[in-house]
1. If amide hydrogens are placed 1.01 Å from N in the peptide plane, which non-local residues have theirs closer than 5 Å to the one on Phe152?
2. Can you pull out the trypsin sites (Lys or Arg not before Pro) in the range 165-241 that DSSP calls coil and that have at most 15 other Cβ atoms within 10 Å?
3. Under 5 Å between amide hydrogens, which residues at least 5 positions from Gly207 or on another chain qualify, with H placed 1.01 Å from N in the peptide plane?
4. ³J(HN,Hα) across the range 156-161 via Karplus (A = 6.51, B = -1.76, C = 1.60, θ = phi - 60°), whole Hz, x for Gly/Pro?
5. What length, rounded to one decimal in nm, is gained on full extension from Trp280 through to Glu305, with 0.36 nm per residue of separation minus their alpha-carbon distance?
6. If I take the Cα coordinates of the range 196-278 and project them onto the principal axes, what are the three extents in Å, biggest first?
7. Please give me the summed charge of the neighbours of Thr317: other residues whose Cβ is under 11 Å from its Cβ, Lys and Arg +1, Asp and Glu -1.
8. Can you pull the one-decimal nm distance between simple spin-label points at Ser177 and Glu77, each 7 Å off the Cα toward Cβ?
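What follows is calculated from the coordinates using simple rules that are stated; it is not laboratory data. Worth saying up front: this structure is predicted, and the values here are computed from it rather than measured. In this analysis, Cβ positions are derived from the backbone assuming ideal geometry, glycine residues included, and neighbour counts consider all displayed protein chains.
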Amino acid sequence: ATLQPGYWGYVYATNDWIWVADQGWRWIEEENTYAQDTVLLGFKLNGPSTDFAVYGSVPGSLLNQFSIDFYKDQKTETSYVRVATTLNFWWGGWWGVPQEADDDSSRTKNQVIIMELPPQDDSVIQLDNKLIRRGSVQLGKKDESITAVRFFDNISYVVTFERTDPFYVLDLTNPMSPVVLGELEIPGFSQFMHPIKDDNSILITVGQDADENGQILGFQISLFDSVNRTSPKLMDRFVIENDENQWSGSSASWDERAFRYLQVGDLGRLIVPVSVYPTWDESGNRVGEEFQGFMFFGVDLAKAENIITKEMEIDHTSQPYDYTSGECYCYSQLPERSMVFAGDVMTMKNQKVISTDLVNRNREWNITLDDSLNCCNEDL
């Protein structure tokens, strides 16, 4: 049997627990409004089976599975669930009842909420075990939403965005009173953050650059230094293109399996799929070149500037579809992935699989999937 209290969810797993987060709607008493609500269901792993152990709920919705974290205090043996949520307010009212909001009111509320697990008795199935809400901390400027979040022990990093990108460093040591240690405000926003130091003090992120008005300009890669937790800084940023009439992005921004980072000492290499779409002039002619493939970036932490450099590209561009042909339109594609082994990198994107030598950058082999093996083939 399956219990699904909401309509959209994520799963977070540890060695001992499986957490299911499902989003629904309810009346939020403390906010005096009907809004998004996330239900948390905890299942204790018991060998090949699981036992339902605890439940709870928090106002707002989760960005992704990185918005959930399970932490056990080794000194007190107390376990906690930490959740980052964004609550959206609908000032238009609910069920036709208008709600008033002044110009200073925010349409959103971002929080990191800490909940304690009640005592567990493994010998008894407890159906009334509810998570105990402890502390919370609010963050973000007016109308901003969470675009990226990561938890590392008692430190958390959160990015919010509406016009600019506040990058927050949070201290979660005291579950009753989590606090914001540091904040950095820069244009654009991050969507996925990955630590490249053992102490999680330096993060490489991918996302979008933007101007001071929040207009998205292009795919960007950033390096953040939070060695000083109270004063994080931007070490470097590389922007693929900054033409507001074009669009560039990467599935690595929302699919961590498309993100590949290799680190040896102070030298690192980032491999991500990238798409760049050109614009059109007033006559309908394409301006600029389209790119579909992978880009490789070097990351040299020994440098003081130009830390991120573009090294190479692997082109996976397919023949564009002719919309005037009258033929069946079908867009089938491989998941965007890169795999590195024995000095070679194999990349998958669109209908192509390509193997490239990382030393001399020569293409060793490639496979293009048969175009007939798609959804236009009625025999399949």
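1. Correct list: Tyr157.
2. Numbers: sites: Lys197, Arg229, Lys233, Arg237; in loops: Lys197, Arg229.
Loop-located and lightly packed - Lys197, Arg229.
3. Long-range HN contacts for Gly207: Gln191, Gln220.
4. 3J(HN,Hα) across the range 156-161, in whole Hz: 9, 10, 9, 10, 10, 7.
5. On the way: separation 25, 0.36 × 25 = 9.00 nm, distance 3.51 nm.
Here the segment from Trp280 to Glu305 would lengthen by 5.5 nm.
6. Principal axes ranked by extent give 39, 28, 20 Å for the Cα atoms.
7. On the way: positive: Lys349, Lys352; negative: Glu289, Glu290, Glu313, Asp315.
So the environment of Thr317 carries a net charge of -2.
8. 2.8
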